[in-house]
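As structure tokens, the structure follows; a few thoughts come after it.
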Amino acid sequence: MRTIGSLSTWRSAIQANIQQPDTPRLRKRSEIQLECVDYHAPGRRACPEAMARDNGHFQWPSSDTGMLDPIALSFPRLPGSCQGLRVAHLSDLHLHHPRRARRMINLIIDRLAPTKLDLVALTGDYMDKPGDEPLALEFFEALERRVRPRLGFHAVLGNHDSPELRRRLIAQCPWLNILDNQAKPLIEGSSMIIAGLDGDITREADPMALMASMTGLPSHTEREPGATPRRESGPPSLSTGPDPQSGREQIMPTAQRPDARRHSFILLLAHHPTWLPIAADLDIDLMLSGHTHGGQIRFPGKRAIYNSTDFPLRFSAGLLRHQNTLAVVTRGIGETALPMRIFCPRQVPMLTCNHGPLPGQFTHQVVNLQPW
Ligand SMILES: [Fe+2]
């Protein structure tokens, strides 16, 4: 029987990974004396073979059995033609090391290929560092070759994706709908719109241009007093403070934009989840985001230590609601900085959208309805 090793064994394993991320030392995971429990089947011990199948990445608990994560959502404004819409949400692959990257690509495509899908939504960080563009292109080519969503592939780029990747995707993947602060009908003649806010390296995200694209109204160059402050580029910086009732850190309400209201259903792709208050101002129905990796390294109980955003840690991953907008913030697929995931398994949300009441209650504060 495997037993939990001493704290010093565990600490030295982590240090070995920090200092030498690609050494064979960490790949020989059987040396690390841990009791491994399948995250999705409590009480079942993962065997050493299961750990060896872990695609060259360190993940503890090691199982990927629940990577495709079915999530049912309901919306009062969903058009009848989109009833039962099935969406695969892929984010944050961070493809970098070629051998690991190809295993990861095969893992994802093998799982998605037999799945019946309406659309694939991609929310950025396909590559990790400059020079990784060919691996990201390999992923997109494999995706197009083996996965057949009825309504196509729709993407925004993330803060790790280079201008070179954008240029090559536009040139080599004409089937990919890259959304640059714009909104398009998902189905011609339907009131279902897909929109995208860009990441912060390749192009500045511009919610005003997006709103103009959605509504046909002129793009505003200045926001009203009290609106969410924006940096010159990149995701918005959020105002946070204690909630007067609970005392917990909360995102402050933003100004309403009544001119953004309309009757179409809008699905927004935005790499950074911190666009949520602005998406709620724009009366977006559903926002898909990544970037946080769910914290990537967490304590038991889904408690993130860090999430690389202004968001309070309890919003690092889950189904969030703000006003009448739902946001799916995925744990994502890959890793950055440290090549490991702890208590934070990979996730590809498989969304099914139906007509019905919005989950949760209307509130001007952000609420995590379903942490994952
Ligand atoms: Fe990322």
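The values are calculated or read from the model by the stated rules, or taken from the named source; none is laboratory data. On a predicted model such as this, the values are computed, not experimentally measured, just so you know. In this analysis, Cβ positions are derived from the backbone assuming ideal geometry, glycine residues included, and neighbour counts consider all displayed protein chains.
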Could you pull out the residue among 103, 203, 166, 146 that is of a type in the set (Lys, Arg), assigned by TED's automatic domain parsing to the domain that holds residue 354 and either within 17 Å of the chain's Cα centre (by Cα) or at pLDDT 95 or above (or both)? 146
Select from region 162-177 the residues that are under 18 Å from residue 132 (Cβ atoms), touching a residue at least 24 places away in the same chain (Cβ under 8 Å) and either among the hydrophobic types (A, V, I, L, M, F, W, C) or not in a helix (DSSP H, G or I) (or both) and list them in ascending order. 162, 165, 169, 173, 176
If a residue must be out of contact with any helix residue (DSSP H, G or I) (no Cβ under 7 Å at 6 or more places or on another chain) and more than 16 Å from the ligand (Cβ to nearest atom), how many such residues does region 325-350 contain? 4
(1) in contact with a helix residue (DSSP H, G or I) (Cβ under 8 Å, 6 or more places away or on another chain); (2) modelled with pLDDT of 90 or more; (3) within 16 Å of the ligand (Cβ to nearest atom): which one isn't true of residue 128, the others all being true? (1)
Please verify whether residue 182 is among the polar types (S, T, N, Q) and under 18 Å from residue 136 (Cα atoms), treating the condition exactly as stated. no
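Residue check: is residue 78 in a loop (DSSP other than H, G, I, E, B), at pLDDT 50 or above, surrounded by 14 or more Cβ atoms within 10 Å (Cβ to Cβ) and within 16 Å of the ligand (Cβ to nearest atom)? Let's see the steps before the verdict.
Values: in a loop (DSSP other than H, G, I, E, B): yes; at pLDDT 50 or above: yes; surrounded by 14 or more Cβ atoms within 10 Å (Cβ to Cβ): yes; within 16 Å of the ligand (Cβ to nearest atom): no.
The answer is no for residue 78.
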Looking at 268, 288, 320, can you tell me which residue is closer than 22 Å to residue 121 by Cβ, crowded, with 23+ Cβ neighbours inside 10 Å and touching a His at 6+ places or on another chain (Cβ under 6 Å)? 288
Restricting attention to region 273-304, the residues that are within 16 Å of the ligand (Cβ to nearest atom) and among the aliphatic types (A, V, I, L, M) number exactly 3
Collect the residues in region 263-272 that are within 16 Å of the ligand (Cβ to nearest atom) and either outside the structural domain of residue 339 (by TED's automatic domain parsing) or touching a helix residue (DSSP H, G or I) at 6+ places or on another chain (Cβ under 8 Å) (or both), keeping them in residue-number order. 270
Taking into account only those residues within region 311-369 that are under 30 Å from residue 81 (Cα atoms) and of a type in the set (Ser, Thr, Tyr), which is nearest to the chain's Cα centre (by Cα)? 330
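Name the residue, out of 137, 122, that is in a helix (DSSP H, G or I) and not hydroxyl-bearing (Ser, Thr, Tyr).
Details: 122 fails: in a helix (DSSP H, G or I).
Only one candidate passes the filter, namely 137.
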